[in-house]
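These notes are about the structure you will find just below.
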Number of protein chains: 2
Amino acid sequence: VRAPHRHGLALGIGDDCAIYRPRGAAEDLLFTTDMTIEGVHFRRETHPPDAVGWRTLARGLSDIAAMGGEPRFCLLSLALAPWADGRWVDRFYDGLLRLARRYGVALAGGDLAHAERVTCDIVVCGSVPRGRALRRDGARAGDHVYVSGRLGGSALGLETNAGPAWRKHLRPEPRIALGRFVREKLGATACMDLSDGFSLDLHRLCLASGVAAELTSPIPAFRGATLDQTLDGGEDYELLFTVRPRTGVPRSFQGLPLARIGAIRRGRAGRVTLDGRPLPARGYDHFRSAPSAL
Amino acid sequence: VRAPHRHGLALGIGDDCAIYRPRGAAEDLLFTTDMTIEGVHFRRETHPPDAVGWRTLARGLSDIAAMGGEPRFCLLSLALAPWADGRWVDRFYDGLLRLARRYGVALAGGDLAHAERVTCDIVVCGSVPRGRALRRDGARAGDHVYVSGRLGGSALGLETNAGPAWRKHLRPEPRIALGRFVREKLGATACMDLSDGFSLDLHRLCLASGVAAELTSPIPAFRGATLDQTLDGGEDYELLFTVRPRTGVPRSFQGLPLARIGAIRRGRAGRVTLDGRPLPARGYDHFRSAPSAL
């Protein structure tokens with residue numbers, strides 16, 4: 001981690017979280033913010049309100065996990081649409097607070113407003129020992145590339161609205177314990193969470209690290225997921241990480257499979273191949289139409 | 001400030017900011033989040049985009065000022081409506097970043113999405129020496145009540161869309177330096193910012209402190225503002241604070257008038273009188289229809 005600036009920021013835009021270093025503290029603070037919008041991130045007709053609340057917080061927790069942090073507290077801004085009655089809101093909070101309790105996260109405050117469509121913005125603050133946050137930009141040639149779990153389940157579930165894939169979509173489990181294990185025990189060189197799709201997210205990790213990646217199939221797929229869903233589907237919230245080649249990585253962590261899927265190479269930054277053929281970065285890019293200021 | 005909990009929160013929901021106490025740090029961190037929604041907090045037809053950006057950040061900075069803090073960084077979540085083209089977005093950022101530069105606030109990250117209506121959520125983090133944050137709940141019987149500036153200008157400007165009141169509405173100046181002065185030099189017993197209207201906000205301060213307040217007219221009014229606008233208009237972003245009765249408070253601070261408007265009394269918590277008659281709390285209450293979880 002670079003020396004913090006005057007305002008105490010050790011890392012700004014471009015990673016899963018911003019990093020703030022309080023003066024004199026033993027810990028760095030991680031901050032992430034994510035919007036959840038009716039009609040974009042969930043559908044009123046299909047998504048139960050408690051799942052909307054769960055997913056709202058899970059997105060932020062996953063960013064904390066990606067940096068090897070422990071979540072501390074969250075702030076929730078919630079704009080309610082006219083159709084969202086008290087029962088919907090209560091169930092939304094039930095889902096969010098259930099996940100918050102599981103990880104010891106306090107709801108510290110927020111804002112409440114009214115809007116045409118339900119719009120939530122969650123801020124999660126986490127902590128990590130000073131200078132130890134996992135980042136995207138540390139992968140080096142020769143590192144091995146690993147991914148947790150099985151990919152494509154969330155995209156499959158969104159299509160079928162049934163079965164284990166739908167349950168995975170509705171209640172993703174942020175990989176907090178795995179992130180800590182990857183940081184403390186594996187000394188990972190880079191890590192990020194898979195939120196916008198595997199192919200796009202790996203491309204970003206390689207870009208940030210200035211390296212290429214060579215993958216070998218199979219990429220672990222959720223049962224029933226198509227190849228497109230596996231490679232490009234979003235919101236799996238698994239972890240993607242790189243380790244030095246001699247690092248012993250177990251086949252699973254607390255029952256969650258960890259698969260070695262390739263290696264980091266010198267080459268054009270961001271270039272990813274699968275079995276020797278270029279793998280296009282096709283996930284969902286929120287920033288495709290981003291303003292220049294971002 | 002009470003002892004922090006396990007998760008490090010010294011203060012949660014109910015004040016202008018949440019307070020987080022990093023382990024071992026000399027500073028407490030303040031967090032506040034505020035939504036700005038098209039059609040609710042601004043009108044596309046009348047509000048220039050740079051003013052929308054400025055106001056989005058100003059709301060958060062004002063909460064930091066209210067606790068006597070120094071702003072450090074912010075996170076911006078921005079959901080863009082189809083009508084908001086690149087030029088609008090660039091000008092929005094111009095306004096936000098101009099205010100950010102003025103107060104040394106870094107834009108540390110955020111999220112970007114698309115929605116039916118432009119929806120912004122700003123998180124501002126500030127810092128204050130450990131245990132020194134100004135709060136709402138410290139006013140005691142006998143304290144004098146002060147307010148900065150002249151009230152009702154923002155409400156007047158929103159009605160007229162012209163003149164000094166409109167300029168005040170479009171580009172409110174967060175009272176950061178005053179907040180620090182009130183904390184360091186005046187040793188204020190309580191402080192908050194006026195965002196939802198004077199009568200409602202003073203009622204809340206009295207409720208939080210378990211006291212009543214007796215006011216004497218005149219309440220300083222913005223030139224041209226009606227009595228309703230002065231007493232109940234929102235978004236003035238002036239500071240309301242209480243001090244021990246022997247505290248010497250100057251008539252102005254850096255050109256901004258500071259007016260003594262009354263005193264704190266024992267009595268029913270939250271009760272406010274003006275010239276002996278009850279002053280109804282009539283500002284804008286975002287939480288009137290709040291869910292039970294808040």
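Computed values, structure above
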read-out	value
Meets criteria (out of contact with any Cys (no Cβ under 6 Å at 6 or more places or on another chain), closer than 18 Å to B:Ile37 by Cα, facing another protein chain (nearest Cβ under 7 Å) and not aliphatic (A, V, I, L, M)) for A:Gly110	yes
Criterion (surrounded by fewer than 19 Cβ atoms within 10 Å (Cβ to Cβ) and either modelled with pLDDT under 95 or in contact with a strand residue (DSSP E or B) (Cβ under 8 Å, 6 or more places away or on another chain) (or both)) met by exactly one of B:Phe253, B:Phe198	B:Phe253
Candidates A:Leu96, A:Leu57, A:Leu61 - the one that is at pLDDT 95 or above, at the interface with chain B (Cβ under 9 Å from one of its Cβ atoms) and closer than 24 Å to A:Leu194 by Cβ	A:Leu96
Index of the failed condition, A:Ala259 passing every other in (1) small (Gly, Ala, Ser); (2) assigned to a strand (DSSP E or B); (3) open to solvent by less than 20 Å² (accessible area, probe 1.4 Å)	(3)
Entirely in the stretch A:135-218, the strands (runs of 3 or more DSSP E) that have 1 or more residues that are of a type outside the set (S, T, N, Q) and closer than 23 Å to A:Arg59 by Cα	A:144-148, A:190-193
Matching residues, the stretch B:271-294, being within 25 Å of B:Leu178 (Cα to Cα) and either at pLDDT 95 or above or within 14 Å of another protein chain (Cβ to nearest Cβ) (or both)	B:Val272, B:Tyr284
Subset of the stretch A:161-184 [without any contact (Cβ under 8 Å) to a residue 40 or more places away in the chain, open to solvent by 40 Å² or more (accessible area, probe 1.4 Å) and not charged (D, E, K, R)]	A:Ala162
Subset of the stretch B:21-41 that is within 19 Å of the chain's Cα centre (by Cα) and free of Cβ contacts under 8 Å to residues at least 24 places away in the same chain - its residue that is nearest to the other protein chains (Cβ to nearest Cβ)	B:Val40
Top-ranked residue in the stretch A:74-93 [being under 29 Å from A:Arg132 (Cα atoms) and touching a helix residue (DSSP H, G or I) at 6+ places or on another chain (Cβ under 9 Å); ranked as nearest to the other protein chains (Cβ to nearest Cβ)]	A:Leu76
Count of the stretch B:133-145 residues which are open to solvent by 20 Å² or more (accessible area, probe 1.4 Å) and away from every other protein chain (no Cβ under 14 Å)	6
Failed condition for B:Arg43, given (1) within 27 Å of A:Asp16 (Cβ to Cβ); (2) out of contact with any Pro (no Cβ under 8 Å at 6 or more places or on another chain); (3) basic (Lys, Arg)	(1)
Any hit, the stretch B:112-123, residues being of a type in the set (Asp, Glu), within 26 Å of B:Leu29 (Cβ to Cβ) and touching a helix residue (DSSP H, G or I) at 6+ places or on another chain (Cβ under 9 Å)	yes
Residue under evaluation B:Pro129, criteria (1) open to solvent by less than 50 Å² (accessible area, probe 1.4 Å); (2) within 14 Å of chain A (Cβ to nearest Cβ), criterion not met	(1)
Options A:Leu151, A:Leu170: the member that is among the aliphatic types (A, V, I, L, M), more than 14 Å from every other protein chain (Cβ to nearest Cβ), touching a helix residue (DSSP H, G or I) at 6+ places or on another chain (Cβ under 7 Å) and closer than 30 Å to A:Arg266 by Cα	A:Leu151
Given (1) touching a residue at least 40 places away in the same chain (Cβ under 8 Å); (2) open to solvent by 20 Å² or more (accessible area, probe 1.4 Å), number of the condition B:Leu227 does not satisfy	(1)
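The values are calculated or read from the model by the stated rules, or taken from the named source; none is laboratory data. Predicted model, so just to flag it, every value in this text is computed and none were measured. A quick note on method: Cβ atoms are made from the backbone with ideal geometry, for glycine too, and the neighbour counts reach across all protein chains shown. We work out accessible area using only protein heavy atoms, side chains counted, and drop any ligands, DNA or RNA first. Shrake-Rupley method; radii C 1.70, N 1.55, O 1.52, S 1.80 Å.
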